[in-house]
């Protein structure tokens, strides 16, 4: 499958070296869409992957812009031919990231971003170990619960399932290279821009070589308000997670 623009325009050379793939993940309700929309505004040079799906287009969706819509047989062919960087099944439909457009973007010097769920992020880690994995976190468990429960009009079982999925996703935080707390969309996006493009102070990489489970970054400094988990425990926003933090959303 070809990219929506039938090619990838060269981008500016990142200040800290070769272009980098960043995977952004996080639980439902954490504000990924808002942050990534702002990221597009702040860093228009970044390439955003367009996923492939077998589901039918929804009203207003454009093929090649929102998704590449394909038949199940074509999706299976792409998987069999190794054309997918990652793929998963959700709500009876298949979703995946086409490999070639991402590799072309990186080859032409453009940093690339994928917004995918935990299962896909783990697949990318296996297929492209050099990729950077960033988890977007809520400012608190209570804030996430409020976002997921909304006005209280949804079926309690649906809400319960969403919260359990969110708990499992947040428990995987140590698998990620960095975390960004989304207490403020513009501030969180600014930190994500630094991670994605390496545009830190003086053009330096914000933290080259940081390993999995790296410190959280966001709009609060070390020693800021505590990020509390559902058990009432927490850590200072922006501080490195210790052993006691690993299960704070469990």
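The values are calculated or read from the model by the stated rules, or taken from the named source; none is laboratory data. For clarity, every value in this text was computed on a predicted model and none was experimentally measured. Neighbour counts are summed over all protein chains in view; Cβ atoms, including those assigned to glycine, are modelled from backbone coordinates with ideal geometry.
Points worth noting:
- Count of the range 70-87 residues which are surrounded by 17 or more Cβ atoms within 10 Å (Cβ to Cβ) and either closer than 24 Å to residue 165 by Cβ or out of contact with any strand residue (DSSP E or B) (no Cβ under 9 Å at 6 or more places or on another chain) (or both): 5
- For the range 101-124, the candidate set comprises residues that are at pLDDT 95 or above, part of a helix (DSSP H, G or I) and in contact with a helix residue (DSSP H, G or I) (Cβ under 9 Å, 6 or more places away or on another chain); within that set, the residue that is surrounded by the fewest Cβ atoms within 10 Å (Cβ to Cβ) is 122.
- Residue match in the range 146-168 (condition: closer than 14 Å to residue 28 by Cβ, in a helix (DSSP H, G or I) and within 15 Å of the chain's Cα centre (by Cα)): yes
- Residue check, residue 114 in contact (Cβ under 8 Å) with a residue 12 or more places away in the chain and within 17 Å of residue 33 (Cβ to Cβ): yes
- Taking the criterion of being in a helix (DSSP H, G or I) and either surrounded by fewer than 19 Cβ atoms within 10 Å (Cβ to Cβ) or touching a strand residue (DSSP E or B) at 6+ places or on another chain (Cβ under 7 Å) (or both), the residues of the range 130-145 that qualify are 141, 142, 143, 145.
- Filtered by the rule that a residue be part of a loop (DSSP other than H, G, I, E, B) and in contact with a strand residue (DSSP E or B) (Cβ under 6 Å, 6 or more places away or on another chain), the range 22-43 gives 26, 30.
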